[in-house]
Amino acid sequence: MADKRLEFGLLGPLEMSVDGALVPLGTPKQRAVLAMLLVNRNSPVGVDRLITALWDESPPSGARASIHSYVSNLRKLLTGSGVDPRTVLVAAPPGYRLNISNDTCDLGRFIAEKTAGMHAAAAGRFEQASQHLSTALAEWRGPVLEDLEGFRFVDTFNTSLVEEKILAHTAQAEAEIACGRAFTVITELEALTAEHPYREQLWAQLMTAYYLSDRQSDALAAYRRVQKSLADDLGIDPGQNLRALNDRILRQEPLDAKKNAMTTAAVAITVLEQYTLSSDTKAVAYLHEVNGRSFPLRGSTTIGRLSDNDIVLDSPKVSRHHAVIVDTGTSYIIDDLRSSNGVHVQDQRIRSAATLHDGDRVRIGDHEFTFQIAGNADDEG
């Protein structure tokens, strides 16, 4: 049993394999239980959280018994595949915990390769950075937990991981451009800007790639497209960085692709180092409310007016399910769940999701918070 290679995948349809052979995982709700445990791997997930994940606000009377049955079935699948379930899927009050190493999960491998790529780029090793980031992106088989679309926890986790994926795409494109291969990333960046039309960093990379491939007119046309999209759809102008890039292209000034790549990577590493400090010292992140309350953030933390949220804010200006903060494995992402009054970070309303930095001010409805990555969980006691 000890020699069996157990692997999991969530960057696409949910998968569990033993020695490379896929294991059928049963009904959608049974798969959703495994997915919740995988999203929160190596941390306990309470039975109440599992019930909310599966049935939202309308659980049946036998929901708790169903959860225990699903876990029992998953353990039988492990046993039938030659894996000892007592070491993998364990009882951990107030629920269960999935014990796996990061290299046995596609998300863990994505994070490791993305991190290595960022460090290489920050050090100016762009060939190595591009290789690591390409390997990281190759872990993606499709939308996160694609076979479980419709479960709310899947939708929010997917949105959060999209931020990590876009960062990897951006850094990989910058590394290729820094290597003098701007023309190689144009097709991919055209597809990414079509998929994410309001992501100015992607547009900046596309404009840069056009310009450094002697396609100045295409670079300027790209700026006009994003300018029109932002104005027509969101009522805003492009940000200062994108406007400045357009001006430099108009004036036919040289662009320092290597400096840009190193700067992007350095910012990402700062976020990563804050996160790593909390992980290595068993700390967590917190939301500190101005009235003195503190809320620890572990795994996926939902915020809203209804009682099924992890953080309940009793205010008419807070939507029923207002926001979620997700620990992606390298950072904390806050996602607006289509709330009425929006989520503001550093006094700016986020468009969908945003990476949180230590010390950020967060406003949800009429509640004000400060986001903190603590040095040690005990410090908060």
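The values are calculated or read from the model by the stated rules, or taken from the named source; none is laboratory data. Values in this document were obtained by computation on a predicted structure and should not be read as measured data. Methodologically, a virtual Cβ is constructed for each residue, glycine included, from the backbone with ideal geometry; neighbour enumeration extends over all protein chains shown.
Per the listing V18, V71, the residue uniquely more than 22 Å from N158 (Cα to Cα), buried (at least 20 other Cβ atoms within 10 Å of the Cβ) and touching a residue at least 24 places away in the same chain (Cβ under 8 Å) is V71.
Confirm whether K4 is within 17 Å of D84 (Cα to Cα) and of a type in the set (K, R).
Yes; evaluated as a whole, the condition is true for this residue.
Do we find that N309 is of a type outside the set (A, V, I, L, M, F, W, C), part of a loop (DSSP other than H, G, I, E, B) and at pLDDT below 85 in this structure? So N309 passes the test.
Restricting attention to region 203-245, the residues that are surrounded by fewer than 21 Cβ atoms within 10 Å (Cβ to Cβ), in contact with a helix residue (DSSP H, G or I) (Cβ under 8 Å, 6 or more places away or on another chain) and of a type in the set (S, T, N, Q) add up to 3.
Per this entry, A121 is counted among residues that are among the aliphatic types (A, V, I, L, M), within 30 Å of A178 (Cα to Cα) and buried (at least 19 other Cβ atoms within 10 Å of the Cβ).
So that you can scan it fast, the table gives a plain yes or no per residue for (1) out of contact with any helix residue (DSSP H, G or I) (no Cβ under 7 Å at 6 or more places or on another chain); (2) touching a residue at least 12 places away in the same chain (Cβ under 8 Å); (3) farther than 21 Å from L167 by Cα:
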{"site": "G304", "(1), (2), (3)": "yes, yes, yes"}
{"site": "D308", "(1), (2), (3)": "no, yes, yes"}
{"site": "V312", "(1), (2), (3)": "yes, no, yes"}
{"site": "S315", "(1), (2), (3)": "yes, yes, yes"}
{"site": "A323", "(1), (2), (3)": "yes, yes, yes"}
{"site": "S339", "(1), (2), (3)": "yes, yes, yes"}
{"site": "D360", "(1), (2), (3)": "yes, yes, no"}
{"site": "R363", "(1), (2), (3)": "yes, yes, yes"}
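All conditions in (1) closer than 23 Å to F157 by Cβ; (2) at pLDDT below 90 hold for V290, with the sole exception of (1). Determine if region 87-96 includes at least one residue that is in the same structural domain as L167 (by TED's automatic domain parsing), β-branched (V, I, T) and not in a loop (DSSP other than H, G, I, E, B). Taking every residue of region 87-96 in turn, none turns out to be in the same structural domain as L167 (by TED's automatic domain parsing), β-branched (V, I, T) and not in a loop (DSSP other than H, G, I, E, B).
Determine whether region 4-11 contains at least one residue that is at pLDDT 95 or above, surrounded by 12 or more Cβ atoms within 10 Å (Cβ to Cβ) and small (G, A, S). Yes - at least one qualifying residue is present in region 4-11.
Filter region 172-183 down to the residues that are part of a helix (DSSP H, G or I), out of contact with any Lys or Arg (no Cβ under 8 Å at 6 or more places or on another chain) and in contact (Cβ under 8 Å) with a residue 40 or more places away in the chain and list them by number.
Matches in region 172-183: Q172, E174, A175, E176, I177, A182.
Residues in region 227-241 that are in contact with a Leu (Cβ under 7 Å, 6 or more places away or on another chain) and at pLDDT 90 or above were compared, and the one that is farthest from E190 (Cα to Cα) is D237.
Taking S352 as the residue in question, decide whether it is within 18 Å of the chain's Cα centre (by Cα) and either surrounded by fewer than 21 Cβ atoms within 10 Å (Cβ to Cβ) or of a type in the set (K, R) (or both).
Answer is yes for this residue.
Take the conditions (1) small (G, A, S); (2) at pLDDT 90 or above; (3) not in a helix (DSSP H, G or I); A204 misses just one of them, which is (3).
Of the candidates L77, L34, the single residue that is in contact (Cβ under 8 Å) with a residue 24 or more places away in the chain, surrounded by 22 or more Cβ atoms within 10 Å (Cβ to Cβ) and not β-branched (V, I, T) is L34.
Every condition in (1) within 25 Å of the chain's Cα centre (by Cα); (2) not assigned by TED's automatic domain parsing to the domain that holds L145 is met by A112 except one, and the failing one is (2). If you check G150 against the conditions, is it within 30 Å of D308 (Cα to Cα), out of contact with any Asp or Glu (no Cβ under 8 Å at 6 or more places or on another chain), assigned by TED's automatic domain parsing to the domain that holds Q201 and without any contact (Cβ under 8 Å) to a residue 24 or more places away in the chain? Judged against the criteria, G150 is a match. Kindly indicate whether I186 is touching a His at 6+ places or on another chain (Cβ under 7 Å), touching a residue at least 12 places away in the same chain (Cβ under 8 Å) and either part of a helix (DSSP H, G or I) or crowded, with 24+ Cβ neighbours inside 10 Å (or both). Criteria not met by I186.
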